[in-house]
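The values are calculated or read from the model by the stated rules, or taken from the named source; none is laboratory data. This one's a predicted model, so the numbers in the text were calculated from it and none came from an experiment. Glycine gets a Cβ as well: all are built from the backbone with ideal geometry, and neighbour counts include every protein chain shown. Protein only, heavy atoms only, side chains kept; ligands, DNA and RNA dropped before computing areas. Shrake-Rupley method; radii C 1.70, N 1.55, O 1.52, S 1.80 Å.
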Amino acid sequence: MRNIHIEPSAVQCHLGVHPLPTSTPHSHCLPTAASGTRQDACYIEVDEDEALENDTVGQSDENDSKNDDPDHGWTQWSNLPDHILERIFSHLTIKERYYASLTCYGWYRAFYLPHVWSNFLVEDATLGRMRYNYYSGWQPVLDHSRLQSCLLSVGHLIRGLDFQPQVSFNNMFQFMSLISWAMEQNARTSGCPREWVGCGSRIRSLNYLFPCNMALSEDPESIKLFGTGGQLLAALKRLMLCLTNLQSLSLVDLFLERYEANHLLDEVLESCCLVLRRLCLVNVTSHHCPIMHIGLFLNLQVLEVSPQSIDDDVLTLLADSKVKHLTLLQNRYTPPALAISPCSAKAWLTVRRDNPKLRVHLRVESATNAVILLQPEAPVASMIYQTPKTMITSDQMVAAVDAYKYTLTVYGHEQLPVVESPPDGEFQERPDSLLVLLARSCPGLNALMVRECISTATILLIAKSAQNLRHLYINRAQVKLGCDWPRSPEWTDEFYHWLQTTSQTLESTEREVSRILDHPYWHLLTEEQFQMASLMRHVAF
């Protein structure tokens, strides 16, 4: 055994790391980070055999470096611009950001760039430590010292809070309580501790997603719903009361009792009545319970809500508001469409008269065969199905065309189907005629997504019939070659001949659709491309 004398400066030079300040603020974010003010030498006990082995490895490394290509160029990752480093660091976890900041001085500075901490994601293991539970094994427990150090260091840079708990609801409660206390200290007229000044003052958005499904993970189709409430709901309401500059609020799958849902937004209305711009309330309750507060925010522009949370009285309030986009969202936990009553046609006519700029968007997200709840006389601009099992039916399509033919601009079924229809299916069993009916009847249709089996002739007819169609998404794997349409009396001999000849190959179909849509790079999509495509980019909020 022998003692090795090590100078800290020599270690830093050998590793190629710039010497950092001895009391860096971010060193408190992780308790495992050692920070000191002394530059004394340290002594490490090393075995003789281990030291000899290390010396041999060092000599081989030196020989290898001599044999390296002299023209080898070293990358300049440490000299990346700040705006690129911000993007990179924003995708890392807190632990990964800390380790990256130890690499060089440039990345240490990037640790404190504002955009890096613009959105703070809070999960079960965020700023926690593992603790053994006799019933559940090792579980993440919030480390209060690490949380306090983190908020003291970067709390003034946070612009958005995103809560996504899984099982550790106590961690969420403690996190909300501590950051609420810090913001309450800032709200005091005098006596706020100097280290807490500005913590949470820049928060503009709050997202809270409650894991309402407590079913066993072995059966992904099973649903066992539990709602939030009690102390966790009280902590959430306390936090919302402290966010006086909140512009975006999203509360998803809370499933409250009726008396709790009626007072959910009391604190938000008190603190953010004039500043809130976007509000998302999905499944506040599991039954019909109108939330009247959503019509009282004076400058609200985008509203996303479940159908069971609105009625004629809420629409009357929205008619006199500044809301421009209203999304009626049904997810996998929303009651079926048959169990929900739509608003009356009279109420929607009042909305169209008093708020003519309002656009309604209908969307369903589910793993089952869910359908969209139609709202009579509503100014619906988009209908989007994000359900792999829902197929196009004549009842739904005809009802949608009759109700929204003058306002509909976006329609489609996203995601690949669970059961694909065979390409050699009969024409009467396919949705070809229904899609052409949609294209002909809706003059404002701008974007259309089709995932079911249709023929190349149908694609040409859709492109030819839709007057303002600019974005057409077709799944190549479900396209059938040829023209199996019976000849219509309205078609001329020249048109029918063009339809038959052009639909014989995929290349000629793509070339002709590109010409019609005035899109030189239009093509049919592969399954991977179709899975990545989304109609939400055409719903301008």
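Values as computed for the structure displayed
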{"read-out": "Top-ranked residue in region 305-330 [being of a type in the set (D, E, K, R) and under 13 Å from Leu358 (Cα atoms); ranked as nearest to the chain's Cα centre (by Cα)]", "value": "Lys324"}
{"read-out": "Verdict on Ser222 being surrounded by fewer than 16 Cβ atoms within 10 Å (Cβ to Cβ) and farther than 29 Å from Arg277 by Cβ", "value": "yes"}
{"read-out": "The one condition in (1) touching a helix residue (DSSP H, G or I) at 6+ places or on another chain (Cβ under 7 Å); (2) of a type in the set (Phe, Trp, Tyr); (3) surrounded by fewer than 20 Cβ atoms within 10 Å (Cβ to Cβ) that Tyr406 fails to fulfil", "value": "(1)"}
{"read-out": "Residues located in region 451-504, provided they are part of a loop (DSSP other than H, G, I, E, B), more than 35 Å from the chain's Cα centre (by Cα) and surrounded by fewer than 19 Cβ atoms within 10 Å (Cβ to Cβ)", "value": "Leu481, Gly482, Asp484, Pro486, Arg487, Ser488, Pro489, Glu490, Trp491, Thr492, Gln504"}
{"read-out": "Strands (runs of 3 or more DSSP E) lying entirely in region 28-138 (those with 2 or more residues that are exposed (fewer than 10 other Cβ atoms within 10 Å of the Cβ) and modelled with pLDDT under 50)", "value": "42-46"}
{"read-out": "Members of region 282-301 that are closer than 12 Å to Leu256 by Cα and either open to solvent by 10 Å² or more (accessible area, probe 1.4 Å) or in a strand (DSSP E or B) (or both)", "value": "Val282, Ser286, His287, His288"}
{"read-out": "Test set (1) polar (S, T, N, Q); (2) assigned by the TED database to the domain that holds Leu469; (3) open to solvent by 60 Å² or more (accessible area, probe 1.4 Å) - Thr368 fails condition number", "value": "(2)"}
{"read-out": "Sole exception among (1) more than 24 Å from the chain's Cα centre (by Cα); (2) closer than 16 Å to Phe163 by Cα; (3) not hydrophobic (A, V, I, L, M, F, W, C) for Thr228, by number", "value": "(1)"}
{"read-out": "Given (1) surrounded by fewer than 23 Cβ atoms within 10 Å (Cβ to Cβ); (2) not assigned by the TED database to the domain that holds Leu469, index of the condition Tyr385 fails", "value": "(1)"}
{"read-out": "Residue in region 152-165 that is in a loop (DSSP other than H, G, I, E, B) and of a type in the set (A, V, I, L, M) present", "value": "yes"}
{"read-out": "Options Arg353, Arg332; residue that is farther than 17 Å from Arg278 by Cα and either in contact with a strand residue (DSSP E or B) (Cβ under 7 Å, 6 or more places away or on another chain) or assigned to a loop (DSSP other than H, G, I, E, B) (or both)", "value": "Arg332"}
